[in-house]
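Here the structure is laid out as structure tokens; the discussion comes afterwards.
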Amino acid sequence: MIPARTSGHVRDTEPEAASVLVVDDLPEKLLAYRAILEDLGSNVVTCRSGAEALKHLLRQEFAVILLDVQMPEMNGLEIAEMIRRRKKTAFTPIIFLTAFTDEVRIADGYAHGAVDFMQTPVVPGILRAKVKVFVDLYQMNRQVRLQAEERITLTEERAKRATVEEANRRLAYLAEASRILAGSLDTRAIARAVARLAVPTLADIGELTLSLEPGLARQRKIVWIGESDSAVHSRWMAEKDDPADVLHDVIDGCLTSGHPVHLDDLDLVFVPDPELPARAGGHIRALAVFPMLARGRTIGSLALAFGNRVRGRDPADLATAADLASRAAVAFDNARLYHEIQQADRKKNEFLATLAHELRNPLAPIRNGLSILRMSGELSGQAEKTRDMMERQVSHMVRLIDDLLDVARITRGKMELKRERTDFRQALEAAVESSRPLIEAARHAFVQEIEPGPYPIFGDVTRLAQVFTNLINNAAKYTPEGGHIRVEVERAVGILEARIRDDGVGISPEGIADVFDLFNQAGASLDRSQGGLGIGLTLARRIVEMHGGTVAVESPGVGKGSTFTVRLPLANGEQ
């Protein structure tokens, strides 16, 4: 059990002793009164003047006040009048002590707030009995007050706990809603998720209206609890369907204004399908419609209708529904953006494929013409140099176009591998042979270090040669003239590992993560003709992954070279 608290302190289990104030100007009387009352277990406070008595009343509370009528400076009647004027002491019992008991004086005393008169000298037993009555009454009143305070405190604590629990429940609901809505990028799947979240948790009937693209027909998802079976039903509706004119008009107003709408005291019959009996739907007693806003545009609305079940009137419920509509808007907008990106990517891939084919067509006759010129042998020295330069540039363009075609094939899932059992060194030798002119032109020192033994793989030799041609060419292009390139091949458990090392321009730490991205170019300071299109490494990674392998890159930093590592599975797990 939680102990009751007052001012931050736990109350004592033992009740505090009541205090009695005795006011008399004669010390011997004060001593006598103290002796008479000490057996009551009360705290007896004595003073000799009205001013002193008032100071005590400012500091503490008393169960009863014994007040001598005849005192110098301020008599008992004047003191009693001042006590009654203070709100805190207005109802504190006062017993007058006096040697005079004439009727006029007694009436005057009662007029000043006395509850009793006692003639002095007092009879000890009578005084003790009268004071005990007021002490017991004070203790009972205080106990009742404390119990009331404890009940109030307990009620407040329960209300706070209920508020916290409700807030936690709503937060958990919204967190689960975010998790569910983030689980799909399909518009219809998100709509189904919103419907399941809204009904029956938030309302009896829900309508989700989507207007993702201006000018296109709206999509509408209706969800309701049947009055006859209490089951949750749902269906997609055409824009022309109109289950309730008022509902349709309010939704239109919300979509137009972008502001929420809340209507009470309605009496509408909701029939979701004209072919169904009326009892399949329900009654609408209240309606709340929330706009779904995304990037400054209203893309739809979430309408919640409340039927015979009394619900949805709580502002916290409406705030939760508004939050759900906001999160749904983000989910729908993300789905729309994802669809747009997919469409743009598809169009880009189609463009690249078309461009590559269109560029390849005129290159064929150019290459044929250059071959005829070479076979004729009738060119002057300058013309022969021009022909050789044209052949090199045409070959370079053919490689770029082939890479573009390969990118288009991979991104569209149309690249096929002609896999066969062979030795990896066959692909590596073809790559080195293709890259040698570039290596020799830059006067690089090229070294191969291959552990002895067979390297059986099951793969496409041409495509693997393309991978290592790209990697070695990359090393040659990004290594200054006279640099070093080293190819190392070794075996591990079930795999072969090939590394291409260079001491070229290197890669910055932030550039490592992007080096395999399409159209990304390392070495931005290099001439574009050296950098190429930035698709070679993307192709290399995709082809290696299609063979069940991996490719990674390491670099100590800019100007410190780089190492590309390719791991491929050996055929039949051979080592």
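The values are calculated or read from the model by the stated rules, or taken from the named source; none is laboratory data. No experiment lies behind these values; they were computed from the predicted model shown. In this analysis, Cβ positions are derived from the backbone assuming ideal geometry, glycine residues included, and neighbour counts consider all displayed protein chains. Note: accessible area is taken over every heavy atom of the protein model, side chains too, but ligands, DNA and RNA are not part of it. Shrake-Rupley method; radii C 1.70, N 1.55, O 1.52, S 1.80 Å.
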- Message: Please report, ordered by residue number, every helix of the chain (full DSSP H runs) that is 30 Å or longer along its axis going by C-alpha atoms and whose mean Kyte-Doolittle hydropathy reaches -1.0.
- Response: 124-181, 315-376, 381-411
- Item | Computed lengthening from residue 425 to residue 379, 0.36 nm per intervening residue step minus Cα-Cα distance | 12.5 nm
- Query: Ignoring any ligand, DNA or RNA, what whole percent of the accessible area of the stretch 119-218 comes from carbon and sulfur when the probe is 1.4 angstrom?
  - Reply: 61
- With -39,500 (n - 2.57) per DSSP H segment of 4 or more residues and division by the full residue count of the chain, the 222 nm estimate, nearest 500 deg cm²/dmol, is -16000 deg cm²/dmol
- Placing each pseudo-label 7 Å from Cα in the direction of the beta carbon, residue 339 and residue 136 end up separated by a distance in nanometres of 8.4
- Return the lysines within reach of residue 221: Cα separation strictly under 30 angstrom, same-chain partners fewer than 8 residues apart disregarded; answer none if there are no such residues. 240
- Task: Rounded to whole Hz and in sequence order, give me ³J(HN,Hα) for the stretch 485-498 from the Karplus expression 6.51 cos²θ - 1.76 cosθ + 1.60, θ = phi - 60°, writing x for Gly and Pro.
- Result: 10, 10, 10, 10, 10, 8, 10, 10, 6, x, 9, 10, 10, 10
- Just going by the charge dipole of the chain, with Lys and Arg at +1 and Asp and Glu at -1 on Cβ, which of 515, 431, 139 is farthest out on the positive end? 431
- Relative packing of 146-159, 489-502, 547-560, which averages over residues the other C-beta atoms within 10 Å, highest first: 489-502, 547-560, 146-159
- Task: For an R0 of 56 angstrom, estimate the FRET efficiency from the Cβ-Cβ distance between residue 393 and residue 256 and round to the nearest 0.05.
- Result: 0.40
- Item | Eligible lysines near residue 132 by straight Cα distance, threshold 21 Å, same-chain separation 8 or greater | 29
- Message: If R₀ is 35 angstrom, what is the calculated FRET efficiency for the pair residue 150 and residue 175, using the beta carbon separation as r and rounding to 0.05?
- Response: 0.45
- Of the listed links 55/130; 55/87; 88/160; 348/414, those spanning more than 23 angstrom between alpha carbons are 55/130; 88/160
- Query: What is the Cα radius of gyration of the chain over 2.2 N^0.38 Å, N being its residue count?
  - Reply: 1.94
- With every protein chain kept in place and a 1.4 Å probe, the chain has an accessible area per residue in Å² of 54
- Over the stretch 55-98, what percent of the accessible surface lies on carbon and sulfur atoms, probe 1.4 Å? 53
- Query: By how many nm would the segment from residue 186 to residue 249 lengthen if fully extended, with 0.36 nm per residue of separation less the alpha-carbon distance?
  - Reply: 19.9 nm
- Using the per-residue mean of other Cβ atoms lying within 10 Å as a proxy for protection, in what order, highest first, do the peptides 117-129, 448-460 fall? 448-460, 117-129
- Item | Alpha-carbon centroid distance for the pair the stretch 495-514 / the stretch 107-163, whole angstrom | 89
- Roughly speaking, what is the stretch gain from residue 510 to residue 368, that is 0.36 nm per residue apart minus the C-alpha to C-alpha distance, in nm to one decimal? 46.6 nm
- Item | For peptides 37-49, 184-196, sequence by mean Cβ density within 10 Å, most packed first | 184-196, 37-49
- Query: What residue among 320, 190, 494 has its Cα farthest toward the positive end of the dipole of the chain, where the charges are +1 on Lys, Arg and -1 on Asp, Glu, each on the Cβ?
  - Reply: 494
- Query: Roughly how big is the stretch 25-78's charge dipole about its Cα centre, with Cβ charges of +1 (Lys, Arg) and -1 (Asp, Glu), in debye to the nearest 20?
  - Reply: 120
- Message: If you count only protein heavy atoms and use a 1.4 Å probe, how large is the accessible surface of residue 484, to the nearest 10 Å²?
- Response: 100
- Item | Sequence-distant lysines (8 or more away, or on other chains) whose Cα lies within less than 20 Å of residue 560 | 477
